[in-house]
Amino acid sequence: MVCYSIFGTRTAGDTPYATLPALVPPEIVFGVELEDGLAKVVGADLEDTLDNRLPCGQGAFDVPGFINAVLAIGWDGPWGIEQMSGDFRRLPVRDALTGARDAALHCFDLAAQRRDADPTPAASGTRVTPCCAGSPPERPTSTGRLGSFRRGSE
């Protein structure tokens with residue numbers, strides 16, 4: 001079992017999102033991790049991994065494009081936010097969680113806007129063939145997933 005990670009696509013050499021199903025079949029994926037980051041690695045790989053992740057939508061990654069690519073393959077499992085940085089660790093817990101949640105939900109909103117503007121799987125640069133029938137939700141909605149932390153439900 002593996003986890004799709006937007007950060008991993010960058011550290012794996014800017015893997016195009018459309019290639020995810022061929023590289024890692026969706027049926028062995030147990031989760032998806034969202035975060036943002038800088039366009040280039042800063043320092044050693046481990047240092048970059050632990051200290052340079054940014055809130056979704058505040059870096060160089062195409063977070064809405066990644067969300068749409070993952071949804072296009074039929075993903076309906078859990079989404080996680082893996083934000084690690086010195087600044088993030090210094091925040092009060094409530095502020096860190098609320099900020100990370102709001103940033104991720106904003107990227108889900110942007111992803112939905114792209115799908116609404118162009119409902120084809122090629123929207124936002126993705127070219128992924130859906131593996132499952134039916135339409136994925138605009139946002140995750142099951143308990144324990146991002147959707148259970150909607151704005152105002154603190």
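The values are calculated or read from the model by the stated rules, or taken from the named source; none is laboratory data. What you are looking at is a predicted structure, and each value in this text was computed from that prediction instead of being measured. Neighbour counts are summed over all protein chains in view; Cβ atoms, including those assigned to glycine, are modelled from backbone coordinates with ideal geometry.
For the reader, a short list of remarks on this structure follows.
- Conditions (1) at pLDDT 85 or above; (2) more than 22 Å from A100 (Cβ to Cβ); (3) of a type in the set (V, I, T); number of the one not met by T19: (1)
- Counted residues, segment 20-63 - those being of a type in the set (D, E, K, R) and in contact with a Cys (Cβ under 9 Å, 6 or more places away or on another chain): 4
- Residue ranges of helices (runs of 4 or more DSSP H) in segment 29-124 with at least 1 members modelled with pLDDT under 95, among the aromatic types (F, W, Y) and crowded, with 19+ Cβ neighbours inside 10 Å: 63-72
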